[in-house]
1. Please find, among Thr344, Thr259, the residue that is over 30 Å from Val170 (Cβ atoms), out of contact with any Pro (no Cβ under 6 Å at 6 or more places or on another chain) and polar (S, T, N, Q).
2. If you go through region 163-174 one residue at a time, how many are buried (at least 20 other Cβ atoms within 10 Å of the Cβ) and assigned to a helix (DSSP H, G or I)?
3. Can you name the condition, by its number, that Phe100 falls short on among (1) surrounded by fewer than 22 Cβ atoms within 10 Å (Cβ to Cβ); (2) over 24 Å from Glu306 (Cα atoms); (3) among the hydrophobic types (A, V, I, L, M, F, W, C)?
4. Sort out which residues of region 56-84 are among the β-branched types (Val, Ile, Thr) and touching a helix residue (DSSP H, G or I) at 6+ places or on another chain (Cβ under 6 Å), and write them in order of number.
5. Ala153 - would you say it is closer than 17 Å to Leu404 by Cα and either in a strand (DSSP E or B) or at pLDDT below 95 (or both)?
6. Under 6 Å by Cβ, and 6 or more places apart or on different chains, what pairs join a residue from region 195-223 that is free of Cβ contacts under 8 Å to residues at least 12 places away in the same chain with one that is surrounded by fewer than 16 Cβ atoms within 10 Å (Cβ to Cβ) and hydroxyl-bearing (Ser, Thr, Tyr)?
7. Tally the residues that are surrounded by fewer than 19 Cβ atoms within 10 Å (Cβ to Cβ), closer than 26 Å to Arg393 by Cα and not charged (D, E, K, R), restricting the search to region 266-276.
8. Identify the residue in region 377-412 that is assigned to a helix (DSSP H, G or I) and touching a residue at least 60 places away in the same chain (Cβ under 8 Å) and, among all such residues, is surrounded by the fewest Cβ atoms within 10 Å (Cβ to Cβ).
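The values are calculated or read from the model by the stated rules, or taken from the named source; none is laboratory data. This one's a predicted model, so the numbers in the text were calculated from it and none came from an experiment. Counting neighbours? That spans all protein chains shown, and the Cβs are built from the backbone with ideal geometry, glycine included.
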Amino acid sequence: MNQPPAEDERTPVTLPVARTCPFDPPPEYTALREGCPVAPLELTVGPGDGRGWLVTRLADARAVLSDRRFSHRNELIGLPIPPPFPMDAYAPPPAGPGAFIKMDQPDHSRYRRFLTRRFTMRAVAGLTPMIERATREHLDAMAASAPPADLVAVFAEPLPVLVMCEVLGVPAAVREPLARHFAVLSRMRYGVEELITACTAIAEALRELVETKRAEPGTDLLSDLVSGGGLTDEEIVNIAWALLGGGFDTTANMLALGTFSLLEHPDQLALLRSRPELTDNAVEELLRHLTISHLGASRAALEDVELNGTLIRAGDTVVVALPSANRDPAHFADPDRLDITAPTQGHVAFGHGEHQCVGQHLARSVLRIALPALFDRFPDLRLATAAEQVPLRSDMLHYGVHELPVTWGTGH
């Protein structure tokens, strides 16, 4: 009987990124899930011995993401894609004070606890009137313009920016410049000068904002951080950086890609419009089905760990393929079909374990409010170009569409 190849004899795979359908993960994931669920992965750069692994099944994904033997520290993790610009040596620094997303325990929870009360389900429910008002204002502006329109530019991007800035207390004059600079960092490619310009501008704007909150605190999240936690300005700046960087890009991509998907699945759109009680489940199904974190979630093994029969050695990088895990037929019936009535429990679109997205309830709320409102306001909304002409964000840190040309009424 043939034995499976030893780990060091298997040819490493490259991280799949090319799609054959805008709504489906790369097709290579199907074969990997079935035949090699913990596959050797080629890293472009990495610390230590540079060994990598790609995890494609849901059970294994949840195991890695909930196991503290796998670290989230930036300086320990190799890259499965080329760095944004050529570098002689890959040596990312440890996370700065307050940059909790790239920290392990106990530092991660120490900073995260300052945020959780603002992002509970109850706290987010209190933001409903603000989100509804912002949604209505953006749709009013869209309706006042002549079709066609780019839904990304007029609705999907500015709405989440406004909502996140309202929560943090970022004044209107600062929002658009901040969003523009964060957009540079969301690319997989940028020049050194672009990086320096964007990071400098973001840091300066956030430092000035923190100084303003110290002088005149309000009722927003940044004021909470300034007045309530004994945090330094540097810590608050880095916390705000993490929240804005995560909140701008992700919800915007889900809103645009979710709209695109519903337009291309008219049976599901009709079902959503006829049965609004399905809205919550529809959002979860879109999150599962589309999974915009297409580069996965990366961890570094702090010690030797056996995962599904494969030995992961201390120092190895593990990339959890979230799009693949969310299409695992062992957990989801008919996982490649968009079905807004299907059970969605257990998906990992927001990650899993203690590092799962702190703003997930806010993202859900924006999607639950904005998607039905969009189709109520524009019941005949349709693409203004062929679906295959919609430019896809395969070249960005989060998947989505660069533009979504739409029209309505008599516009063509």
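1. Working: Thr259 fails: over 30 Å from Val170 (Cβ atoms).
That would be Thr344, the only listed residue that is over 30 Å from Val170 (Cβ atoms), out of contact with any Pro (no Cβ under 6 Å at 6 or more places or on another chain) and polar (S, T, N, Q).
2. Step one: of region 163-174, the residues buried (at least 20 other Cβ atoms within 10 Å of the Cβ) are 163-165, 167-170.
Within this subset, residues satisfying the condition of being assigned to a helix (DSSP H, G or I) are 163-165, 167-168.
Count: 5.
3. The single condition Phe100 does not satisfy is (1).
4. Taking region 56-84 first, the residues among the β-branched types (Val, Ile, Thr) are 56, 64, 77, 81.
Correct list: Thr56 only.
5. On the way: closer than 17 Å to Leu404 by Cα: yes; either in a strand (DSSP E or B) or at pLDDT below 95 (or both): no.
Criteria not met by Ala153.
6. Taking only residues 6 or more apart or on different chains, the pairs are Pro217/Ser227.
7. Step one: filter region 266-276 for residues surrounded by fewer than 19 Cβ atoms within 10 Å (Cβ to Cβ), giving 266-267, 270-271, 273-276.
Filter again for closer than 26 Å to Arg393 by Cα, leaving 266-267.
The next check asks that each one be not charged (D, E, K, R); those that pass are 266.
The qualifying residues number 1.
8. Initial filter on region 377-412 (assigned to a helix (DSSP H, G or I)): 377, 387-389.
With touching a residue at least 60 places away in the same chain (Cβ under 8 Å) added as a condition, the list becomes 377, 387.
Values: Arg377: 16, Ala387: 12.
Among residues in region 377-412 that are assigned to a helix (DSSP H, G or I) and touching a residue at least 60 places away in the same chain (Cβ under 8 Å), the one surrounded by the fewest Cβ atoms within 10 Å (Cβ to Cβ) is Ala387.
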